[in-house]
Amino acid sequence: MKKYIISFVFTLLIAALMQAQKSPGYIPLATFNKDTLQYLISNFDNQKAKYIGKPIGMVFNDIELEIKRELRLNQSPRNKKYFAGVILDFYNVALNQTYSLEKRRRLNEEMKNYGLYIETVQAINSVDYYALSRQEYINNGNSSVDWSNNYKAFYTHFIVKSIKTNATP
């Protein structure tokens, strides 16, 4: 019995280590000397083929930047039941209330290239998303755009159709 327990723990440890490894071709953030945009372009724009057709969880595993918030991608005004993907935002200047409204608008315009736009193969159900957002707000006081591990878990299984930064057409 003890042998089985040790074997089981060892298997879990190996699985955790394998999951923590970055995908082939990934270039660590430290390589870019704090140039966040170049990091995003090199790892996600230039290597998008390795993410397409894979779960968004692979992106989450690779990304070293702290995700500040997420936004819904391409939600149609005519069909609010679904949206096409997620925008991961690494600079949440919009919610920094110490800046004037004008400064927040200017910074948002400057920082829009720093988002990672991920379109999914399957449409994402807004009802499920809003249920999660509501629960986040009730539990933590988070608004629907604040990032948490619950959002990560929500998006992780969706399959990537396209991925890019806003810096590339």
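Each reported figure results from applying straightforward, stated rules to the coordinates on display, with no laboratory input. Not measured: the values here are computed from a predicted model. Quick reminder, even Gly has a Cβ in these numbers, built from the backbone with ideal geometry, and neighbours come from all protein chains shown.
Which pairs break 27 Å Cα to Cα here: Lys81/Lys161; Lys50/Lys80; Lys50/Lys152; Lys68/Lys164? Each step should come with its number before you reach the end.
Details: Lys81/Lys161 19 Å; Lys50/Lys80 30 Å; Lys50/Lys152 20 Å; Lys68/Lys164 18 Å.
The pairs that break the limit, which is 27 Å between Cα atoms, are Lys50/Lys80.
Counting Lys and Arg as +1 and Asp and Glu as -1 over every other residue whose Cβ lies under 15 Å from the Cβ of Phe44, the net charge comes to 0. Extension gain for Ile138 to Asn46 (0.36 nm times residue separation, less C-alpha to C-alpha distance): 29.2 nm.
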